[in-house]
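Before any comments, here is the structure.
The values are calculated or read from the model by the stated rules, or taken from the named source; none is laboratory data. Since this is a predicted model, take the numbers as computed values, not measurements. Ideal geometry is used to build each Cβ from the backbone, glycine not excepted, and the neighbour counts take in all protein chains shown.
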Amino acid sequence: MIIDAHQLRKTFTTRGRKGTQTVEAVRGVDLEVKKGEIFGVLGPNGAGKTTTIRMLATLIVPDGGTATIAGHDLRKEPGAVRRRLGYVSQAGGVEENTTPRTQVMMAARIHGVPDPARATGEVLDRFDLTEMADRPGRTLSGGQKRRVAIALGLVHSPLLLFLDEPTTGLDPQNRANLWDRIRQLRELGTSVLLSTHYLDEADALCDRLVIVDHGQVVAEGTPGELKREVSGDVVTLRLDEPERATGTLGPLAREIRADGDLLRVYVDDGEHTLPVLLRALEEQDIALSSIALDRSTLDDVFLAKTGRSLRDAGAAA
């Protein structure tokens, strides 16, 4: 394991007009990340993702729990841990008035890279940054800045890279481009711990993942395993009488979850069950506004584990 963490905990105390408040940001998180895999931490904003990564990156000290990172104890050997990892925060850390080449070269020297000029040139080339390497950071696009940020985290060839919400604020084209870069890291043998609140990102990139909510892990596995655990297909119905529809459709479904006038009906075979559901609603004269048939998603997993949709749980950037 590149990361073996158990029962990590972190509590913050804030003082304001309402007095002192205590927030349990992380409440006993376990993580086991294998070498050479992309491991995701998926959850809404405020779930504890960033706090967990910052603890593992030695940026803040855990209040409880243990962790071994690349063979070194997180608490007893923080210096050794830092030498073996790269860290890219949500903000990225790209300076506006300095060129990417200068910034990456400085990072290489700080990490004691034997030939910083060569390492800088190689990592800039890997991320297609050579042509813009001598322009001030302020002239770069959002996607280019994210690539520079990752180059800063990789110039010393770490065994493990932490990426905290790496594509927040990027347009679809730049997101897809960055996904390809992250996949390349896995091919080169770099382990990646990725936090995200984007369902499609976790599904597309992660070999395995945990879903976190309110500082705790609520599900763990591969995206496929987690979706199979929910099972089958999802028929989403918007209708006028959800309570009566639930009673009507209950005998035909594995499970039904209501969210206002929206019903998510979980069935084994949506294609063949859908006409049966529609016929049952028609027989009971229940008006239907819209209907959709989909395979189970990670949002369905989150809903099954927490009782609410990740899309509606403060996940939007």
Would you mind listing the strands (runs of 3 or more DSSP E) fully within segment 172-265 where at least 1 residues are more than 26 Å from Met55 (Cα to Cα) and out of contact with any Leu (no Cβ under 7 Å at 6 or more places or on another chain)? 233-239, 255-259
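The rows are residues; the columns are (1) assigned by TED's automatic domain parsing to the domain that holds Thr99; (2) surrounded by 12 or more Cβ atoms within 10 Å (Cβ to Cβ); (3) under 30 Å from the mean Cα position of the chain (by Cα).
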site	(1), (2), (3)
Asp115	yes, no, no
Glu122	yes, yes, yes
Leu129	yes, yes, yes
Met132	yes, yes, yes
Arg135	yes, yes, no
Thr139	yes, no, yes
For the condition aliphatic (A, V, I, L, M), surrounded by fewer than 21 Cβ atoms within 10 Å (Cβ to Cβ) and assigned by TED's automatic domain parsing to the domain that holds Ile53, what is the one hit in Leu194, Leu205, Leu170, Leu160? Leu170
Which of (1) surrounded by 17 or more Cβ atoms within 10 Å (Cβ to Cβ); (2) within 27 Å of the chain's Cα centre (by Cα) is the odd one out, the single condition Arg101 does not satisfy? (2)
Go over the candidates Leu278, Leu298, Leu303 one by one and state the one that is farther than 28 Å from Asp213 by Cα and either buried (at least 19 other Cβ atoms within 10 Å of the Cβ) or not assigned by TED's automatic domain parsing to the domain that holds His197 (or both). Leu278
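Go through segment 1-58 and give me each residue that's within 19 Å of Ala70 (Cα to Cα), part of a strand (DSSP E or B) and charged (D, E, K, R). Step through it out loud before you land on a result.
Taking segment 1-58 as the starting set, the residues that turn out to be within 19 Å of Ala70 (Cα to Cα) are 1-8, 29-41, 52-58.
Restricting the remaining residues to those that are part of a strand (DSSP E or B) gives 3-8, 29-33, 38-41.
Of everything in segment 1-58, those that are within 19 Å of Ala70 (Cα to Cα), part of a strand (DSSP E or B) and charged (D, E, K, R) turn out to be Asp4, Asp30, Glu32.
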Taking segment 281-296 and keeping only residues that are in contact with a strand residue (DSSP E or B) (Cβ under 7 Å, 6 or more places away or on another chain) and within 15 Å of Gly250 (Cα to Cα), one is left with Leu281, Ile286
Looking at the structure I just gave you, is Gln103 polar (S, T, N, Q), under 24 Å from Leu188 (Cα atoms) and outside any helix (DSSP H, G or I)? no
Quick one: what pairs do we get from segment 206-235, first residue within 29 Å of Thr273 (Cβ to Cβ), second of a type in the set (Phe, Trp, Tyr) and part of a helix (DSSP H, G or I), C-beta under 8 Å, 6+ apart or different chains? Ile211/Phe302; Val218/Phe302; Ala219/Phe302
